[in-house]
Amino acid sequence: MPHYLIAQSELPEEREARRRRAGKSSGETYAATLGQMRPGAETDIVSPADDDTAMSVERLAHYDAVFLTGSPMHVYDDTPEVRRQLDFMRRVFAAGLPSFGSCAGLQIAVAAAGGRVRKMPERMEAMIARRISATEDGRSHPLLAGRPGSWDAPAIHGDEVLELPPGATLLASNAVTRVQAAEIRFDRGVFWGVQYHPELALREIAVAVAAQAADLVEAGLADHEDEVEARAADLEALHDAPDSRALRWRLGVDGEFAEEGLRRREIANFLTHLPDLRAR
């Protein structure tokens with residue numbers, strides 16, 4: 001059976017806050033998603049940002065893949081927690097271990113490989129990343145296999161990739177965030193990542209959006225917090241009734257966003273191609 005390692009960059013208080021809101025830390029969400037997609041697979045969760053015990057390259061090499069979660073981490077901050085997280089990611093690359101990340105997970109891989117991340121200037125992308133489109137390279141890349149010409153995905157972030165590192169390939173963009181999907185080849189490793197959240201249930205996105213209602217109003221995405229709460233309620237209702245035509249119409253989404261199996265395409269594609277991505 002496959003053995004996966006999940007690296008969560010949330011700090012202890014952030015993990016507890018997320019458990020109170022959504023029932024799971026980001027790492028626990030990934031473990032649940034992978035358990036559904038690969039029944040019987042083993043998953044271990046580590047927290048490199050707050051753990052001084054470095055996991056060696058040799059130990060990492062025993063896993064089949066590493067998954068990097070989203071979190072509130074700002075990888076451009078020069079803090080001990082960020083440095084530990086980036087050091088961990090460089091060891092993943094050195095181990096030749098295939099890795100996948102979403103949101104902050106993408107940003108961590110970018111920064112570890114020499115790219116740049118920044119706070120988004122005067123904007124956020126929240127709840128739905130609209131009209132993501134594959135680049136010319138992305139249209140033939142296996143990470144995006146099965147995606148239509150344009151799709152929507154769950155998202156919530158205020159940071160973005162400014163510059164991909166050498167050896168990286170831009171795979172998808174939209175009008176808000178240039179780097180929506182990318183492949184990074186660094187040292188001996190290959191990383192596939194997305195800025196959005198294929199791993200999350202819609203209810204989890206709804207909870208995250210409601211928790212950041214004030215930030216969304218400040219960013220100009222809504223006029224009042226009650227508007228954010230109403231949108232979050234619609235999203236939670238779609239979680240319970242993904243086939244609802246009325247909810248899909250109200251939110252302006254289709255099956256690529258509403259249906260769990262379609263929403264998880266990138267993770268499924270990564271799992272399918274793991275044997276080809278491992279360094280020999």
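The values are calculated or read from the model by the stated rules, or taken from the named source; none is laboratory data. As the structure is a computational prediction, the values presented were derived from the model and not from experiment. Cβ sites come from the backbone with ideal geometry, for glycine too, and all protein chains shown count toward neighbours. Keep in mind that these areas ignore ligands, DNA and RNA; they rest on the heavy atoms of the full protein, side chains included. Shrake-Rupley method; radii C 1.70, N 1.55, O 1.52, S 1.80 Å.
Observations
- Subset tally (residues that are more than 25 Å from Glu16 (Cα to Cα) and either of a type in the set (Phe, Trp, Tyr) or touching a strand residue (DSSP E or B) at 6+ places or on another chain (Cβ under 9 Å) (or both)) for region 35-50: 2
- Within region 230-243, residues that are among the charged types (D, E, K, R) reach partners that are crowded, with 18+ Cβ neighbours inside 10 Å and not in a helix (DSSP H, G or I) with beta carbons closer than 7 Å, at six or more positions or on different chains, in the pairs Arg231/Met127.
- Of the residues making up region 40-57, those that are open to solvent by 40 Å² or more (accessible area, probe 1.4 Å) and of a type outside the set (Val, Ile, Thr) are Gly40, Glu42, Asp44, Asp50, Asp51, Asp52, Ala54, Ser56.
- Entry remark, region 57-85: residues being farther than 21 Å from Tyr30 by Cα and part of a loop (DSSP other than H, G, I, E, B) number 4 in total.
- Filter result for Arg131 (open to solvent by 50 Å² or more (accessible area, probe 1.4 Å) and either more than 16 Å from the chain's Cα centre (by Cα) or at pLDDT 95 or above (or both)): yes
- Only residues that are acidic (Asp, Glu) and either closer than 28 Å to Ala22 by Cα or buried (at least 21 other Cβ atoms within 10 Å of the Cβ) (or both) were counted across region 184-202, and they come to 1.
- Pick from region 230-244, criterion of a type outside the set (Gly, Ala, Ser) and either touching a helix residue (DSSP H, G or I) at 6+ places or on another chain (Cβ under 6 Å) or open to solvent by less than 40 Å² (accessible area, probe 1.4 Å) (or both), ranking: farthest from Glu14 (Cα to Cα): Pro242
- Consider region 267-278 and keep the residues that are open to solvent by less than 50 Å² (accessible area, probe 1.4 Å) and in contact with an Asp or Glu (Cβ under 9 Å, 6 or more places away or on another chain). The one that is farthest from Arg131 (Cα to Cα) is Leu274.
- Beta carbons closer than 8 Å, at least 6 apart along the sequence or on distinct chains, pair a first residue in region 71-95 that is without any contact (Cβ under 8 Å) to a residue 40 or more places away in the chain with a second that is acidic (Asp, Glu) and in a loop (DSSP other than H, G, I, E, B) for Arg84/Asp51; Arg84/Asp52.
- Among the residues of region 18-39, those that are modelled with pLDDT under 95 and open to solvent by 50 Å² or more (accessible area, probe 1.4 Å) comprise Arg19, Arg20, Arg21, Gly23, Lys24.
- Yes/no for Pro148 being open to solvent by 40 Å² or more (accessible area, probe 1.4 Å), assigned to a loop (DSSP other than H, G, I, E, B) and in contact (Cβ under 8 Å) with a residue 40 or more places away in the chain: yes
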